[in-house]
Amino acid sequence: MRRTPALVLTLGLLVAVVLPAGMLWMLDRLLPPDLSRLHASALILNDRTGARLDGRTSVDGMWRLPLAAPQVDPVYLQMLLRTEDRRFYWHPGVDPLSMARALAQLVMRGHIVSGGSTLAMQASRLLSPHRHSLRGKLLDMARAVQLEWRYGRRGVLDIYLTLTPEGGNIEGVRAGSLLYFGHEPDHLAPQEAALLVAIPRHPTTLRPGRHNALALAAARQVLRGTGMGQEMENVPSGPVPMPHAAPALLAHAWSVGLRDVVRTTLDGRLQRMLRGVVAARDAPLRGTFAALVVRRDGGIAAWIGGGEHQCPGCAVDLVTARRSPGSTLKPFIYGMAFDHGLLTPRTRISDGRMSLSGYAPHDFDQSFRGETTVADALRQSLNVPAVQALRLIGPDRFLSRLAACGVVPRLPGRDVAPGLAIALGGEGISIYDLATLYSALNHDGQVMAPYFDVTGRAPATRLLGPRAAQDVRTILEGTPPPPGSGQWNHVAFKTGTSYGMHDAWAAGVTGQWTIIVWAGRPDGTAAPGITGRATAAPLLAHIVSLLEPDGSIAASGVTPHHQAISYLSPALRRLSRPEGPQIIMPQAGSEMESRADDGTMTPIGLEAGGGTPPYQWMVNGTRLDVPPGAAPSWLPDGVGYVHISVMDMHGRSAAVDVRIR
């Protein structure tokens, strides 16, 4: 029974301690500090040497960059603590001695001499800015204790270093050091440190570039008050202007969530030079150029996004925009066919009008070359042979191989199955994607995904076998150079023009460089007259001349040896095609509208390929009379299903069933 008072006393003490602590813990969880301003950072891009390229402010318009105390010169930290908070490592966020001193000065002099705010209290106000008032001061005191409790003194110091105002829209010691002095705050002269300590006291009236005399006097006062450093002679004339040499890359880096200072792989001199070259070149009407230049190791040396001309949509970053690639994927179609033993560069292949799984492509110039080799078909960018090669591989297999290398073309619709049209640009792909694929020609078939952040290099992925990659590169090195290109030895070169002349492409590989150039209208409308060879290729040649000014481009290596065609198996000597005729138009199972506006029936054109002309056409068993030299056509006598057949001079035939509406 004697232990009862002691037990009651112990329980009372526990309640007196635990209850308030629990209430404080609950308040801390219910009213956490708002760190949104702390995490809203600016973005600054530097080139590979550390020189500044471009930058943009945070979402709230501030030059603000994250900073931790170990990243700051100790001279600055000593000055800061001696000036603003000498007992920083002693008090819990609020300094009773400083508060008592401030109160005594207010009573004795009748006005505020010093505020008594600690760094933790200033950090609280920087997180949630408010007007100076008694209520605000009390809130700062409570929040200061919370910040110390939550993050410790080191965390409080980091908040202050990141958010302290340094004049205008510059916040934080790091942003101040970079914009006023041009270097990081890890090495500050005493005079520089003194200015950064002084400005936050009155960031408007002490702003360098506007009130230099006042800023100089305040910095000198800090130096004298701390006894650190010699007399200061001058202050910066204002922030160092931010260059804007890589606006498209800046927009892309921002869109993927990058903030802070990012050291890129770009060559600042080359980036500025190429922007000038592109701006000086006549662009397609209401259009522009875009380009990507990539080193052998995958590091991007220049990123030209298209904003160098004034046109609708030119603000879009065209390096990452998806456009129809035209014929630029043909090298990889043939390369995969080489890999799978389906074709060789010497295989004979037909370039003529034919229907391939219901798809009947034309060549770009609407003519056909007859039988040729695969190597010449690739050099001349013939469409029909490329579609035949893709049919051998299979569109699904081809796209799966690209996807394994990080390239996923966009098909016309979500539920659209990949078809043979992807050989001729029937999908969307970006400049960046093409640079990824063409890098395989510099790495024996392995792609090196381009990267711009020096820390972002990705591992290589195999696209083609070494032999196939070398075959493709050797073929492309034999492509006739662009007009006026001058020295052009050992440049593997391919152009492409999308259907309807919406996009013009040129891709080049030199051994040390991969270059992709695009020309067209960013808004996606057609640009009549543009072609890859006439529009994009001359700019590619200009870029090559800048990268390799003496024309000494190294050869790609030993030219692959191929057996004479007589030693190849019959399947590899010549790609087989149907012996008999094919009905190209109309396609089997199609439904055709044949009524004019007045209700009368209109003729339907008929087209055949293959076999041996002349052709004899029949509709529902009735022979059509086609005058010599005339294009065959047929006038339906009504709606319904019809059977159309064709026969060549050797009696071989083909037939389709269609519906007339």
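The values are calculated or read from the model by the stated rules, or taken from the named source; none is laboratory data. Predicted model, so just to flag it, every value in this text is computed and none were measured. Methodologically, a virtual Cβ is constructed for each residue, glycine included, from the backbone with ideal geometry; neighbour enumeration extends over all protein chains shown.
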Review point. How about region 147-186: which of its residues are hydroxyl-bearing (Ser, Thr, Tyr), surrounded by fewer than 24 Cβ atoms within 10 Å (Cβ to Cβ) and touching an Asp or Glu at 6+ places or on another chain (Cβ under 7 Å)?
Key: none
Check your understanding: Just wondering, is there one or more residues in region 426-438 that are at pLDDT below 95 and exposed (fewer than 15 other Cβ atoms within 10 Å of the Cβ)?
Key -> no
Review point. Is it the case that region 174-184 has a residue that's assigned to a helix (DSSP H, G or I) and farther than 20 Å from Arg52 by Cβ?
Key: no
Revision key, fill the gap. Of all helices (runs of 4 or more DSSP H) fully inside region 366-407, the set with 1 or more residues that are hydrophobic (A, V, I, L, M, F, W, C) and farther than 20 Å from Tyr438 by Cα is 383-393
Exercise for review: Within region 404-415, identify whether any single residue is assigned by TED's automatic domain parsing to the domain that holds Pro345, over 23 Å from Leu540 (Cα atoms), touching a helix residue (DSSP H, G or I) at 6+ places or on another chain (Cβ under 6 Å) and not acidic (Asp, Glu), and answer yes or no.
Suggested key: no
Check your understanding: Take the residues of region 603-661 that are in a strand (DSSP E or B) and of a type in the set (Ser, Thr, Tyr): which is modelled with the highest pLDDT?
Key -> Tyr641
Exercise for review: List the number of the failed condition for Thr559; all other conditions in (1) under 30 Å from Arg391 (Cα atoms); (2) among the polar types (S, T, N, Q); (3) modelled with pLDDT of 80 or more hold.
Suggested key: (3)
Point to revise | Answer residue from region 238-283, given it is free of Cβ contacts under 8 Å to residues at least 12 places away in the same chain and among the charged types (D, E, K, R) and is farthest from His183 (Cα to Cα) among those | key: Asp282
Check your understanding: Quick one: what pairs do we get from region 333-357, first residue in contact (Cβ under 8 Å) with a residue 60 or more places away in the chain and under 19 Å from Lys494 (Cα atoms), second of a type in the set (A, V, I, L, M, F, W, C) and assigned to a loop (DSSP other than H, G, I, E, B), C-beta under 6 Å, 6+ apart or different chains?
Key -> Gly335/Leu464
Point to revise | Single unsatisfied condition, His252 versus (1) at pLDDT below 90; (2) closer than 17 Å to Leu53 by Cβ | key: (1)
Review point. With Leu382, Leu378 as the choices, which residue is modelled with pLDDT of 90 or more and over 21 Å from Asn442 (Cα atoms)?
Key: Leu382
Point to revise | Residue within region 584-600 that is in a helix (DSSP H, G or I) and modelled with pLDDT of 85 or more present | key: no
Exercise for review: Go over the candidates Ala213, Ala217, Ala246 one by one and state the one that is of a type outside the set (Lys, Arg) and crowded, with 19+ Cβ neighbours inside 10 Å.
Suggested key: Ala246
Exercise for review: Please name all residue pairs, on different chains or six or more residues apart, with Cβ atoms under 6 Å, provided the first residue is in region 119-146 and is surrounded by 19 or more Cβ atoms within 10 Å (Cβ to Cβ) and outside any helix (DSSP H, G or I) and the second residue is modelled with pLDDT of 85 or more and of a type in the set (A, V, I, L, M, F, W, C).
Suggested key: none
Review point. Quick check, is Gly225 over 31 Å from the mean Cα position of the chain (by Cα), in a loop (DSSP other than H, G, I, E, B) and not acidic (Asp, Glu)?
Key: no
Review point. For Val8, are the conditions met, namely being assigned to a helix (DSSP H, G or I) and modelled with pLDDT under 65?
Key: no
Point to revise | Output for region 237-278, where each listed residue is under 19 Å from Gly307 (Cβ atoms) and hydroxyl-bearing (Ser, Thr, Tyr) | key: Ser255, Thr264
Point to revise | Options Arg323, Arg391, Arg295; residue that is of a type in the set (D, E, K, R), in contact (Cβ under 8 Å) with a residue 60 or more places away in the chain and assigned by TED's automatic domain parsing to the domain that holds Leu540 | key: Arg323
Point to revise | Single residue of Gly335, Gly341, Gly306 found to be modelled with pLDDT under 95 and either assigned to a helix (DSSP H, G or I) or closer than 30 Å to Ala389 by Cα (or both) | key: Gly341
Check your understanding: Of all residues in region 43-64, which are closer than 21 Å to Ile159 by Cα and of a type in the set (S, T, N, Q)?
Key -> Thr57, Ser58
Review point. Condition test on Val277, is it of a type in the set (Val, Ile, Thr), over 30 Å from the mean Cα position of the chain (by Cα) and in a helix (DSSP H, G or I)?
Key: no
Check your understanding: Of the residues Asp267, Asp297, which single one is surrounded by fewer than 17 Cβ atoms within 10 Å (Cβ to Cβ), over 14 Å from the mean Cα position of the chain (by Cα) and acidic (Asp, Glu)?
Key -> Asp297
**Study point:** Members of region 161-214 found to be without any contact (Cβ under 8 Å) to a residue 24 or more places away in the chain and farther than 26 Å from Leu43 by Cβ, listed by number
**Key:** Arg201, His202, Thr205, His211, Ala213, Leu214
